[in-house]
Amino acid sequence: MNLTYKHTRWACNLGIICQACNNNLPPLLFIIFQGIYGISYERLGRLILINFVTQLIVDVLAARYADRIGHRAIMVSAEALSAAGLVIIAASTLLPFPIYGVLAVGVVVSAIGGGLLEVMVSRVTDALPADEDKKASNMALLHSFYCWGQVAVVAISTVLLLVFGQSRWQLLPLIWTALPLFTLFLFAKAPFAPLADADKSSGSGMISLLKTPLFWAAMIMMMCSGASEITVSQWSSLFAEKGLGLVKVWGDLAGPCMFAVMMGIGRTFFGIWGTKLNLRIYIAASAALAVVSYLIISFSSVPALSLAGCALCGLAVSVMWPGTLSLGASKFRSGGTAMFGIFAMCGDIGCAAGPWLAGFAAESSSGGGIWARIGAALFTGTGIELRTGIFLGTLFPILMLATVPMFRAKYANKKVYGALADDKENEGDKYAE
C-alpha cells in the first residue's frame, strides 16, 4: 500500500484526536470516580495535574532528543503508549492495588504518548508542503481536530455509558484503544516530509530562544492558552452535574460537548479564513471573550446561561493555542523542534496548573479559610465550590490579554529581540501587526 503526504496529514489529524481522547476521557468519569470510589475534588484535580506535568516533562525531553531518535519511531511509540495507558485505566478495578494509584499510572503512560504527539504532530504538519501564507491556517485546522475528537469522545462515551451503565465504565477506555492502534499503523507507513533543523549558527537553539524577550511573551501566552482551555474543558462535566443539578448524560452533552463543538467551529473558521485575519487582534479579542465567558459560568444562577458560558468559552479559546503557535513560528522560523517543544511545555504548564488550581480552590472552599470566605462572599445557591474554582481560572485569559500587545510590530522586531526573528520580517508581521 503506497501512502502519500495526504495520509501523513490524516495521521497527524488522528494523532491529535488520540491526544483529545487521552486528555478528555478520564474527566468524563470523574463523577463515577467520586461517587463509587470516593475520590475528592483535589485528588481528581491531581489526576489532571499528573497528566499534564508528565506531558510537560516529555515535551522537554522531546525538544532535546527527538531529532536524534527519529520522528517516525517517536510517533509510533506515542500511539502505542496511548493505547497502553487506556488499557491500564480500564484494568484499575481488576488489579490488586489501590484504584487511585492504578488510575494515576494509566494517566502517566497515556500522558507520555500524548506529550510526544503534542510536540511532533505540529512539527510534522508544519513541515508538509504548503504555501507560506497557509501555514497558520493548516495549523489551526490540525488543532481543530482536537476539538472534533473531544466532541466524539464526549458524545460516544456518553451514549456508551448510557447503554452499558456506569458500573461498566471500564469498557470505555478499552473501546477507545482502537483509535491509537489504527493511527500507529498510519504513522508506521506514511511518508514524512524533511524536517528543517534548527539553525544553530544563527543562535536559535533552546538557550538562545530563552534569551529572547519576545519568546518569553509567547511562552506566557501558551501557558495561558492551555490553562484557559483546559480548566473549563476538564471541570465542565462535573460542574454541570454537581453545580447545575443536571443528569449526567445531558450535563456532558450540554457542557464539555458543546464546549468542544464551539472550539472546533472557531478553529475550523480560522483554518479556512485565517489568512485574511489580523492574528494578534483576533487572539486579544478571544482572550477578552474568554474572560467574559468565565465570569458567566461562575456567577450565573441560571443553568442554561452557565452552559451557554461553557459553549462561549469554547469559541473564545479556540484560536489561542494554534494562534500562539503560528505567531511564534512566524517570528522564530529556525526555532526547530526545540521551539515546538518549549511551546508545548508551556502549554502543558497551563493545562496542569489551571485545572488543579480550580480543583484546589473548590476543595478549599468547602471547608474554612480564605477560599471558603471568597466563595461565600461571591456566590449563592448550589455548586459554590466549583464556581469558586472556575472563577480563579479567570486570571489566565486576563494575563493573556495583557501579554498579546508585545507582538505589535513596533515591539516585535529583530532589532529589539534579536536574530531569531525571520530575516524576511514582513512575512512574520503579516500575522503580528
### Message
With unit charges on the beta carbons (Lys and Arg positive, Asp and Glu negative) and the dipole taken about the Cα centre of the chain, which residue among LEU279, LEU44, CYS257 sits farthest to the positive side?
### Response
LEU279
### Positive-pole candidate from LEU209, ILE390, LEU307, dipole of the chain, charges at beta carbon
LEU209
### Query
In debye to the nearest 20, how big a dipole does region 5-432 give about its Cα centre with +1 on each Lys and Arg Cβ and -1 on each Asp and Glu Cβ?
340
#### Entry: region 61-160 - Rg and Dmax from Cα coordinates, angstrom
16.6, 55
### Query
Taking only Cα atoms, what is the 0 to 90° angle, nearest 10, from helix 178-189's long axis to the longest principal axis of the chain?
10
#### Entry: Virtual spin-label span in nm between LEU181 and VAL302, 7 Å along Cα→Cβ
4.8
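Given a Förster distance of 41 Å, report the FRET efficiency between LEU378 and ILE57 from their Cβ-Cβ distance, rounded to the nearest 0.05. Show your work: numbers first, answer last.
Values: r = 36 Å, r/R0 = 0.87.
Rounded to the nearest 0.05, the efficiency is 0.70.
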### Query
Once the Cβ-Cβ distance between ALA73 and SER366 is put in as r, and R0 is 56 Å, what FRET efficiency do you end up with, to the nearest 0.05?
0.75
### Task
Calculate the spin-label point distance for ALA80 paired with LEU162, positioning each point 7 Å from the Cα along the beta-carbon direction, and give it in nanometres.
3.9
### Task
Fewest Cβ neighbours within 10 Å first, please rank VAL261, VAL154 accordingly.
VAL261, VAL154
### Query
Relative contact order (percent) for region 5-432, with alpha-carbon contacts under 8 angstrom and 6 or more residues of separation?
25
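Every number in this text was worked out from the coordinates using simple rules, so none of it is lab data. The structure presented is a predicted model; accordingly, all values stated were derived computationally and were not measured. Glycine also receives a Cβ, built like all others from the backbone with ideal geometry; neighbour counts cover every protein chain displayed.
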